Amino acid sequence: MGLLSLGTPLDWPEAQALAEHVREHGITQFLNLWAKIKDRRGDGLLWGDEIEYIVVAFDDGAHDARLSLRQAEILGVLAQSDAETRAALPAGRAADIPTFHPEYGRFMLESTPGAPYGVAPRQLCLVEANMRLRRRIARKHLLPHELPVTLTSFPRLGVTDAPFTEPPLEARGNASRSLFLPDEVINPHARFPTLTANIRKRRGAKVAINMPIFHDTNTPRPFIDPSIPRGRDWFPEDAEAAAGAALPDHIYMDAMGFGMGCCCLQTTFQACSVQEARTVYDQLIPVGPLMLALTAASPAYRGYLADVDCRWNVISAAVDDRTKEERGLEPLKHSRMVMPKSRYDSVDSYIAQDPANRPEYNDNPLPVDEKVQARLEAAGIDRLLAQHLAHLFIRDPLVIFSEMVDLDDEQSMDHFENIQSTNWQTMRFKPPPPGGQIGWRVEFRSMEVQITDFENAAFSVFIVLLTRAILSFHLNFYMPISKVDENMARAHVRDAVHTQKYFFRKDVLRARPRHHARDVSAGGRGVRSGTPRGSRASSPTRGTSAVRGTASPAPSRTTSRAPSPELGPVEDEYAEFTMNELINGKGAEFPGLIGLVYSYLDSLNIDVETRCEMALYLDLVSKRASGELMTTATWIRNFVRSHPAYKFDSVVSAEINYDMIKKLDRIERGEEDAPGFLVSLAHERALDLC
Ligand code: ADP
Ligand code: MG
Ligand code: MG
Ligand code: MG
Ligand code: MG
Ligand code: MG
């Protein structure tokens, strides 16, 4: 989660009254920062990952796996041991010690590398070891019956047939007022219960998350969930489920914790300049839904198998603070505007000042705070960036600390970050924080966390290399952003890798003259031996400097962005592809993202061992896309459905859940093979030879 300020959080009516104050000063803070950093250049290509864990407490006697709520104690012990390690290490090395952070769920942990990595392939070989080290450190500081698992959703979070926390707790908290989740599952730092309560109060009702149930052979039709305590009458909100919030044939969830209690895998990239950051941001937008489908790992919620494989829509609905008017269900009377999306949703606009960024691509409705946009433009910010920020600033701040209302806008970014960090989108564009050490960054946020660090490293490294290929070859992935949203919806479908096609740009090489582009794209993975963009990428140094040298000039203001008819209709630029085609290539038609990554690797002089290690990672991504290996979600669904205790009624019982997590742990430790899911142990061991 974002920053954790200390202080007294304001209750919703007081916070709401200060919304305009926060927006206004947030923009002042951004403009003050912008004046200092808009021309910042030359930052190194650094990146880092974030991995989230669920801490499970096993009761082996009872054959049960519950959520441990000891986050605070665990982080305390980790901080203590961290301080000791730092004191014992030479000064230069202390920065490399991994760090652990709190998360929304009191059963969650987050870890990051102690310092960002470089992007050279030799450095990418260290990523998996770093992730494993973090997992070992976390394990070592837990109780003997606890375990950090990188499971995207805990299948029995919020069940009502048995306790799912340790210690057992009743769901009757005033923050979420949930029928299922006790407030004690929320990180007790004042920010989190306040965020939870203020989302509910702003919306005027509890959040309502409905994921379609997976209808198995014995699942009743219609499925009217018997586990919802429909008759409860402790809070006024208790009546919502029976009054229509809980849909038939769906798994109904009513609290922020169901979403923010999910774990993900994020990667953050530093760019050399704001222009490069805007390019990376834009080019990764169409990649987001593909990676969501490929990393899908969360097919079960509140004790049931769902007919979706991933978490995104769950979180989106879990923090949907929009009023009925904002959701377009009632005419506007009290609310400012209709907002088509939750504050946790996919990105709505491309932002790069790039001739390839045709105005037609920004075809999503883009409600903006007009005052904010006018101020930004008056201050010289170009329209694309002004719109991006004015779109984020349609939201209200949710948590305001009374001690943090009047701030020095020259020094603080708190009001800006308040809005920025509660817009949880597929990508995040991060300005340099005050202080000068860190540059412009872009965060890639769609991926689900994987069970093993081999997989987490593989997907992270893939995205890093793809980002390098994008910049080195000046790739063009632009297509209408509404098609990206369509892909986002398709990515949620059960087994989306096999059952769906995805829109993508047909010609991703923008080299001119066009006959050259065709030479390069010919041959699918054969693109490896080609040299995209002529000799531009023939060496890393030349490739990098060439790309930077040609970075689009940054006019301080894009005045008019008229449609570009001379380029032909945008509809001709994209087509539908299978995941296999997109990742592994489609003959002469499309090089495949893996093909582009190999082209990039070929443009570098890397040693055989490094290449061999990169190939192991790329093979995992490639095989998950081709179907040779199944996604985590498919593995979980198959495990549940083939468990002897499963009654084909969609129910994930305590026993099934326990056996599943135990087995995933053995797989993670390399004690057990997982054919069809991961390459064999023998293959894994080959990694150590590299
Ligand atoms: P948040 O939770 O706000 O997304 P975190 O601090 O948890 O942010 O994680 C940020 C990630 O960015 C970490 O992986 C970290 O290693 C990485 N990182 C830190 N500094 C830089 C930098 N200068 N460039 C790129 N990545 C960075
Ligand atoms: Mg996190
Ligand atoms: Mg983080
Ligand atoms: Mg975060
Ligand atoms: Mg993050
Ligand atoms: Mg390994």
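List pairs: first residue in the range 408-421 and under 17 Å from PHE393 (Cα atoms) and modelled with pLDDT of 95 or more, second residue more than 15 Å from ligand 4 (Cβ to nearest atom) and not in a helix (DSSP H, G or I) anywhere in the structure, Cβ distance under 7 angstrom, at least six positions apart or on different chains. That search, which allows pairs on different chains as well, returns MET413/PRO434; ASP414/LEU407; HIS415/LEU407; ASN418/PRO397; ILE419/PHE393; ILE419/ARG395; ILE419/PRO397. Scanning the range 600-620 for residues that are among the hydroxyl-bearing types (Ser, Thr, Tyr) and not in a helix (DSSP H, G or I) turns up just one, SER603. Among the numbered conditions (1) in a helix (DSSP H, G or I); (2) at pLDDT 95 or above; (3) not β-branched (Val, Ile, Thr), the only one that GLU628 does not meet is (1). Within the range 164-201, being closer than 20 Å to PRO229 by Cβ and part of a helix (DSSP H, G or I) holds for ASP183, GLU184, VAL185, THR196, ARG200.
Among the residues of the range 558-586, the ones that are part of a helix (DSSP H, G or I) and either at pLDDT 95 or above or in contact with a Leu (Cβ under 7 Å, 6 or more places away or on another chain) (or both) come to 9 in all.
Residue count for the range 86-115 satisfying the condition of being among the β-branched types (Val, Ile, Thr) and away from ligand 2 (no atom under 16 Å from the Cβ): 1.
When LEU109 is tested against the conditions (1) surrounded by fewer than 20 Cβ atoms within 10 Å (Cβ to Cβ); (2) within 16 Å of ligand 1 (Cβ to nearest atom); (3) touching a residue at least 24 places away in the same chain (Cβ under 8 Å), the lone failure is (1).
Checked against (1) in contact with a Phe, Trp or Tyr (Cβ under 8 Å, 6 or more places away or on another chain); (2) over 30 Å from SER472 (Cα atoms), LEU620 passes all but a single condition, namely (2).
Screening THR422 on (1) away from ligand 3 (no atom under 16 Å from the Cβ); (2) more than 30 Å from ARG122 (Cβ to Cβ); (3) part of a loop (DSSP other than H, G, I, E, B) shows it passes everything except condition (1). The single condition among (1) within 16 Å of ligand 3 (Cβ to nearest atom); (2) closer than 19 Å to GLU403 by Cβ that ALA19 does not meet is (1). Scanning the range 118-136 for residues that are under 24 Å from the mean Cα position of the chain (by Cα) and more than 16 Å from ligand 6 (Cβ to nearest atom) returns GLY118, VAL119, ALA120, PRO121, GLN123.
The set of residues in the range 337-369 being surrounded by fewer than 15 Cβ atoms within 10 Å (Cβ to Cβ) and over 15 Å from GLN387 (Cα atoms) consists of MET337, PRO355. When each of ALA115, ALA120 is tested for being closer than 30 Å to LEU466 by Cα and either crowded, with 22+ Cβ neighbours inside 10 Å or within 16 Å of ligand 3 (Cβ to nearest atom) (or both), the lone residue that passes is ALA115. Pairing residues of the range 56-82 that are at pLDDT 95 or above with residues that are outside any helix (DSSP H, G or I) and among the β-branched types (Val, Ile, Thr), at Cβ distances under 6 Å and at least 6 apart in sequence or on separate chains, gives VAL56/VAL149; ALA65/VAL56; ARG66/THR165; LEU67/THR165; SER68/VAL55; LEU69/THR165.
Among the residues of the range 77-91, are any more than 16 Å from ligand 3 (Cβ to nearest atom), crowded, with 20+ Cβ neighbours inside 10 Å, more than 30 Å from LEU392 (Cα to Cα) and of a type in the set (Gly, Ala, Ser)? No, the range 77-91 contains no residue that is more than 16 Å from ligand 3 (Cβ to nearest atom), crowded, with 20+ Cβ neighbours inside 10 Å, more than 30 Å from LEU392 (Cα to Cα) and of a type in the set (Gly, Ala, Ser). Looking only at residues of the range 432-480 that are assigned to a loop (DSSP other than H, G, I, E, B) and within 16 Å of ligand 4 (Cβ to nearest atom), we find that the one that is surrounded by the most Cβ atoms within 10 Å (Cβ to Cβ) is SER446.
Conditions tested, residue by residue: (1) of a type in the set (Asp, Glu); (2) away from ligand 3 (no atom under 16 Å from the Cβ); (3) surrounded by fewer than 22 Cβ atoms within 10 Å (Cβ to Cβ); (4) farther than 21 Å from LEU265 by Cβ.
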residue: ARG93; (1), (2), (3), (4): no, yes, yes, yes
residue: PRO144; (1), (2), (3), (4): no, yes, yes, yes
residue: VAL149; (1), (2), (3), (4): no, yes, yes, no
residue: ASP183; (1), (2), (3), (4): yes, yes, no, yes
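Among the candidates ARG428, ARG505, the residue that is surrounded by 17 or more Cβ atoms within 10 Å (Cβ to Cβ), at negative phi and touching a Lys or Arg at 6+ places or on another chain (Cβ under 8 Å) is uniquely ARG428.
The values are calculated or read from the model by the stated rules, or taken from the named source; none is laboratory data. Computed from a predicted structure; not experimentally measured. We place every Cβ from the backbone using ideal geometry, glycine too, and count neighbours over all the protein chains shown.
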